[in-house]
Amino acid sequence: MVTRAEQLAKTHQAILDAARELFLKHGYAATSTRDIANAIGITQPALYHHFKDKEVIFLAVITTVGGEIKTGLDQILSQPNQEPLEQLTDVSLLLTHKHPADIFTLIHTSFKDLSREHIGQLAGVFRNDYVQPLQTFFGQPNLQLQAGVTPAMAANFYLTSLSPLFNSFHQIGDPAADERSQVQTLLKMILFGVARESETK
């Protein structure tokens, strides 16, 4: 026989699972607590028994996903003797498989609807779980950045340049190629640019 505590815990997790799917696919503004409640067959009042409001649910979802991303990034970036392009390909595949939509846009477009406290917490998750591991990647000795480009600048540029991987309409690369090859086409453009610098005499 299922106890009340077990049933409450099961419902609590079901809310988070449904919210994760909806938030990551549609974003914060386009997902309502009614949508989340309907997805698991409960009422909104029942949902509010578990969570104070939508912001708290969103923060819980992004915190959980961010923790998974950081764990994955740390595993990828700790592998020795791997070429930077191969590492960044693995990083990009991790991000696209965890996020149905562009994570940078997902988090930053939510800021206009969130309280200052929750904006600060989400910004911390983004900085600690996404940006800092990528700064470590771009700061490694065998990856030579352009003069004046810092690892922090490179990490942020990379994250803001990933949208084609989340949107087939803007897809870059041969549609017939495998996923890894398509990702590497974009990454080569991010890392090396789209044109050679003109030689000056």
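The values are calculated or read from the model by the stated rules, or taken from the named source; none is laboratory data. It should be emphasised that the depicted structure is a prediction, and the values quoted were computed from it without experimental measurement. Here the Cβ positions follow ideal geometry from the backbone for every residue, glycine too, while neighbour counts run over all protein chains shown. We work out accessible area using only protein heavy atoms, side chains counted, and drop any ligands, DNA or RNA first. Shrake-Rupley method; radii C 1.70, N 1.55, O 1.52, S 1.80 Å.
Please go through (1) of a type in the set (G, A, S); (2) farther than 16 Å from V61 by Cα; (3) modelled with pLDDT under 90 for A152 and return the number of the only condition it doesn't satisfy.
Single failed check for A152: (3).
Residue check: is A155 open to solvent by less than 50 Å² (accessible area, probe 1.4 Å), in contact with a helix residue (DSSP H, G or I) (Cβ under 8 Å, 6 or more places away or on another chain), among the small types (G, A, S) and assigned to a helix (DSSP H, G or I)?
Numbers: open to solvent by less than 50 Å² (accessible area, probe 1.4 Å): yes; in contact with a helix residue (DSSP H, G or I) (Cβ under 8 Å, 6 or more places away or on another chain): yes; among the small types (G, A, S): yes; assigned to a helix (DSSP H, G or I): yes.
When the stated conditions are applied, A155 passes them.
If A147 satisfies every condition in (1) within 25 Å of I107 (Cα to Cα); (2) at pLDDT 90 or above; (3) open to solvent by 60 Å² or more (accessible area, probe 1.4 Å) but one, which is the exception?
It is condition (1) that A147 fails.
Is it the case, given these coordinates, that T31 is among the polar types (S, T, N, Q), open to solvent by less than 60 Å² (accessible area, probe 1.4 Å) and farther than 30 Å from F192 by Cβ? Before you say what the answer is, go through the steps one by one.
Numbers: among the polar types (S, T, N, Q): yes; open to solvent by less than 60 Å² (accessible area, probe 1.4 Å): yes; farther than 30 Å from F192 by Cβ: yes.
Yes: the conditions hold for T31.
For region 5-24, what are the residues that are farther than 18 Å from T63 by Cβ and either of a type outside the set (G, A, S) or in contact with a His (Cβ under 7 Å, 6 or more places away or on another chain) (or both)?
E6, Q7, L8, K10, T11
Looking at (1) in a helix (DSSP H, G or I); (2) in contact with a helix residue (DSSP H, G or I) (Cβ under 8 Å, 6 or more places away or on another chain); (3) open to solvent by 70 Å² or more (accessible area, probe 1.4 Å), which one does A18 not meet, given that it meets all the others?
It fails just one condition, (3).
Considering only residues that are open to solvent by less than 40 Å² (accessible area, probe 1.4 Å) and within 20 Å of A19 (Cα to Cα), which ones fall in region 119-128?
Looking only at region 119-128, we keep the residues that are open to solvent by less than 40 Å² (accessible area, probe 1.4 Å), and these are 122-126.
Those that are open to solvent by less than 40 Å² (accessible area, probe 1.4 Å) and within 20 Å of A19 (Cα to Cα): L122, A123, V125, F126.
Helices (runs of 4 or more DSSP H) wholly in region 53-118 with at least 3 residues that are of a type outside the set (S, T, N, Q), over 24 Å from D17 (Cβ atoms) and open to solvent by less than 30 Å² (accessible area, probe 1.4 Å) - which ones? Talk me through it step by step, then tell me what you get.
On the way: elements: 54-77, 84-98, 103-110.
Here the list reads 84-98.
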